[in-house]
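Accompanying notes for the structure given below.
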Amino acid sequence: MTRMPRQGAAAQRGFTMVELMVSLLLGLLVVAAAGSLFMSNKRVYGATESINRIQENQRGAFEILARDIREAAGNPCMRFDGAYTDKVGVELAAPDATFWSRFPNGVFGQDGTGANGSDEITLYSANSSIHNVEKHAKSADAITVSTATDDLSNGQLLMVCNNDYAIAFSAVGITPTGTTIGHNGAANCGNNLTRPSAGANTCALANANPAYCFWQGVAGTDCPGGFGTSPAYVSAVTSALWTVANNGRGGTSLYRTNADGASEIAEGVTALKVSYKVGSGTDYMNAAGVVAAGGWSQVQAVHVQMTFQAVRGALGKGDVTGTDNAALSRTLDDYIVLRNHQDIQ
């Protein structure tokens, strides 16, 4: 009988407990290393994404704000530099005194009135929705323009101007494909457009002034105040308030407010500081300093400093904080020159 060789006990045994524990330890070390690398990469990605969002908000915010600042005090006709006493003739039955006291200067600021003690700046202009005047031969006539008025609306605040005068009024009679702009509605002082004069903007004063025609007029009873010989234009009058305010999501944002309401421009803006260069001065001063110097009409440039903070959103808490556990933030400065103030032209 042939006998099969008997296998030794040593050949049949498995891993020992020590070997198993060493294997598990090595495996855990590999997993831990891979996990640490993954978490490190995830944190770098999160931080990079947060910085990218901050930079994107910075670009958008400064681009729009800088555009408003450059265009402040702009209008299609002239710089309001005292060619006539009241700068702009306001033929509105209930004019906004605050608005019109600031409008000719184009810029106005306040210190520390926004969220977190941020500054505010308001920019005024009349350089949008511009239409060439083709005819205004009688003062009480509607103004005929060269292009359709589909970008205007009834009740909108407009300004008609040439190289001599500027008059603000509320639009009536606007139709989508029309080319005439009326000024004889109840919101205005009457049928006639009249030359600006010294004193407060009241209907009684406006109605006492001589009637004026802006184009193709004939001197006489219809235009006792004269008629325009230079090109005339109708433009929409606008203002934009820039401020930092609570956004309702536990943080603050940069807002731009105009006649259509407030628009959120950039999230995560925690501070806005604004200072102004007045006339030939070399230093920038805050809004209180400009008021004391009576220098709003002589502001040549604006220094804007904004602080942006990372916003969590869909990111993890660790993605928006630095090594000191404080929120990631960046502060950016810009110096913006106004194009439309008299001593700049």
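The values are calculated or read from the model by the stated rules, or taken from the named source; none is laboratory data. Not measured: the values here are computed from a predicted model. Cβ: placed from backbone, ideal geometry, glycine included. Neighbour counts: every protein chain shown.
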Cβ pairs under 8 Å, 6+ apart, first in the stretch 145-170 and on the phi > 0 side of the Ramachandran plot, second part of a strand (DSSP E or B): Gly155/Ser170; Gly155/Val172
Qualifying position, being over 21 Å from Ala126 (Cα atoms), modelled with pLDDT of 90 or more and touching a Gly at 6+ places or on another chain (Cβ under 8 Å), among Ala211, Ala186: Ala211
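For (1) farther than 15 Å from Gln309 by Cβ; (2) at pLDDT below 95; (3) touching a helix residue (DSSP H, G or I) at 6+ places or on another chain (Cβ under 8 Å); (4) among the basic types (Lys, Arg), each residue gets a yes or a no:
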site	(1), (2), (3), (4)
Ala240	yes, no, yes, no
Val244	no, no, yes, no
Arg249	no, yes, no, yes
Arg256	yes, no, yes, yes
Ser263	yes, no, no, no
Tyr284	yes, no, no, no
Among (1) more than 16 Å from Gly228 (Cβ to Cβ); (2) in contact (Cβ under 8 Å) with a residue 40 or more places away in the chain; (3) not charged (D, E, K, R), the one test that Ala137 misses: (1)
Of the criteria (1) surrounded by 15 or more Cβ atoms within 10 Å (Cβ to Cβ); (2) not in a loop (DSSP other than H, G, I, E, B), which one Pro224 fails: (2)
Selection count where residues are surrounded by 16 or more Cβ atoms within 10 Å (Cβ to Cβ) and either modelled with pLDDT of 80 or more or not in a helix (DSSP H, G or I) (or both), scope the stretch 54-66: 7
Qualifying residue in the stretch 115-138 (condition: more than 23 Å from Gly185 (Cβ to Cβ), part of a loop (DSSP other than H, G, I, E, B) and either among the acidic types (Asp, Glu) or at pLDDT 95 or above (or both)): yes
Search result, residues across the stretch 189-208 that are closer than 10 Å to Gly89 by Cβ and modelled with pLDDT of 90 or more: Cys189, Leu193, Thr194
Residue list for the stretch 172-199, restricted to those being surrounded by 19 or more Cβ atoms within 10 Å (Cβ to Cβ), of a type in the set (S, T, N, Q) and touching a Ser or Thr at 6+ places or on another chain (Cβ under 7 Å): Asn188, Asn192
Meets criteria (farther than 30 Å from Val269 by Cα, buried (at least 19 other Cβ atoms within 10 Å of the Cβ) and at pLDDT 95 or above) for Phe169: yes
Matching option when the condition is over 22 Å from Asn163 (Cα atoms), surrounded by 14 or more Cβ atoms within 10 Å (Cβ to Cβ) and not acidic (Asp, Glu), among Ala259, Ala287: Ala287
Checking Thr202 against (1) within 32 Å of the chain's Cα centre (by Cα); (2) crowded, with 22+ Cβ neighbours inside 10 Å, the condition it does not meet: (2)
Selected residue (only one of Ser253, Ser263 is on the phi < 0 side of the Ramachandran plot, free of Cβ contacts under 8 Å to residues at least 12 places away in the same chain and among the small types (Gly, Ala, Ser)): Ser263
Single match in Ile69, Ile130 (criterion: β-branched (Val, Ile, Thr), within 24 Å of the chain's Cα centre (by Cα) and surrounded by 23 or more Cβ atoms within 10 Å (Cβ to Cβ)): Ile69
Strands (runs of 3 or more DSSP E) completely within the stretch 230-300 that count 1 or more residues being of a type in the set (Val, Ile, Thr) and out of contact with any Leu (no Cβ under 9 Å at 6 or more places or on another chain): 252-258, 269-278
Index of the failed condition, Ala72 passing every other in (1) closer than 30 Å to Leu205 by Cα; (2) in contact with a Leu (Cβ under 9 Å, 6 or more places away or on another chain); (3) modelled with pLDDT under 70; (4) not aromatic (Phe, Trp, Tyr): (3)
Condition met for Val237 (touching a residue at least 40 places away in the same chain (Cβ under 8 Å) and of a type in the set (A, V, I, L, M, F, W, C)): yes
Flag for Met39 being over 22 Å from the mean Cα position of the chain (by Cα), surrounded by fewer than 19 Cβ atoms within 10 Å (Cβ to Cβ) and at pLDDT 80 or above: no
